[in-house]
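What follows is a single structure, written as structure tokens, with notes after it.
The values are calculated or read from the model by the stated rules, or taken from the named source; none is laboratory data. Please read all numbers here as calculations on a predicted model, not as lab measurements. In this analysis, Cβ positions are derived from the backbone assuming ideal geometry, glycine residues included, and neighbour counts consider all displayed protein chains. Remember, those area values only see protein heavy atoms, side chains included, never the ligands or the DNA or RNA. Shrake-Rupley method; radii C 1.70, N 1.55, O 1.52, S 1.80 Å.
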Amino acid sequence: MNTLEVSDLSFAYGTREALRKVSFNLEPGRFAALLGPNGAGKSTLIALLTRLYDLQQGEIRVGGCSLRSAARPALRQLGVVFQQSTLDLDLSVEQNLRYHAALHGLSRRQSGLRVDAELARQALTERRRERVRELNGGHRRRVEIARALLHEPRLLLLDEASIGLDPASRLALNQHLRSLCREERISVLWTTHLLDEVQPSDDLLILHQGRLVASGQAAALSLEHGGDLGSAFTRLTTTGARQ
Ligand code: ADP
Ligand code: MG
């Protein structure tokens, strides 16, 4: 079963169209890079996936559950890292996670176990008592990823999560997420405006002016465009797709 199915999704802010008939699927254990320039509609898609906005047209299913008719079980399978950090800087790493586990309704014992497991998985165990304010950007992002995984979702959504990170932290975060996909069969939907964050084995979704202008395995798309994904991306995202 697909982890995520998006079909014929359209959305407008008043008369301003942000998404137009977007359809794609994501299989278990896959890393999908949702690539598009600023204003392409990436954050709008994340907002619909997380039900920040109600669906207008089209359908979204997470693990087979419809966001329209089975929102609760669908959302239960989602972990989210938003573009803007929402950590409490004055709390410790562990306190941030514990607080969130409580919001998810985990018992004290369960939450202790889950927090320990995620801290270990994100290589943060030794930083657990530090205040988030003292961590660098890359480590803060890892705390957010640990937090998003506490309730063991199948699908992790990250909206421009590498913004503001130095190149080494960006690379480390990218590699880390791909190993989560491989080893834990979590699916990741990663939005970015940076082509250099895409690897050949990724699923690549290119969004431009609200439309999906290309989708498929990055290596295959690259071949299709004469091996030069960079110029294909520029071409696909500079022509006026809006009619
Ligand atoms: P991205 O995340 O790819 O930069 P967004 O989803 O934020 O793109 O924006 C898609 C389009 O929708 C843009 O044209 C943007 O100006 C518009 N938009 C985004 N949020 C709002 C909003 N709250 N009200 C009106 N228009 C919006
Ligand atoms: Mg955005």
- Rounded accessible area of Arg142 (nearest 10 Å², 1.4 Å probe): 50 Å²
- Taking a ≥ b ≥ c as the square roots of the Cα gyration tensor eigenvalues, with a/c under 1.5 meaning rounded and otherwise prolate when a/b beats b/c or oblate if not, segment 86-152 comes out prolate
- Message: Can you compute the FRET efficiency between Ser179 and Ser10 using 1/(1 + (r/R0)^6), with r the Cβ-Cβ distance and R0 = 35 Å? Round to the nearest 0.05.
- Response: 0.50
- Expressed as a whole percent, how much of the Cα-Cα distance distribution for the chain exceeds 29 Å? 29 percent
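Using heavy-atom solvent-accessible surface (probe 1.4 Å) with all chains present, what is the largest-first order of Lys42, Lys21? Intermediate results must be reported in sequence, preceding the final value.
Details: Lys42 10, Lys21 125 Å².
Heavy-atom accessible area, descending, gives Lys21, Lys42.
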- Message: Given a 10 angstrom Cα cut-off, can you work out which residue in Val213, Val62, Val93 is the most mobile in a GNM of the chain?
- Response: Val213
- Ignoring ligands, DNA and RNA, how do Ser66, Ser179 rank by accessible area with a 1.4 Å probe, largest first? Ser179, Ser66
- Query: Looking only at Leu78, Leu49, Leu194, which one moves most when the chain is put into a Gaussian network model with springs between Cα atoms under 10 Å?
  - Reply: Leu194
- Task: Of the options Thr3, Asn25, His104, report the single residue whose Cα projects farthest towards the positive end of the charge dipole of the chain (beta-carbon charges: Lys, Arg +1; Asp, Glu -1).
- Result: His104
- Note to self, the chain gives a 222 nm [θ] from helices alone (DSSP H runs n ≥ 4, -39500 (n - 2.57) apiece, / all residues, nearest 500) of -10500 deg cm²/dmol
- Task: For segment 164-197 and segment 9-66, write down the distance between their C-alpha centroids in whole Å.
- Result: 20 Å
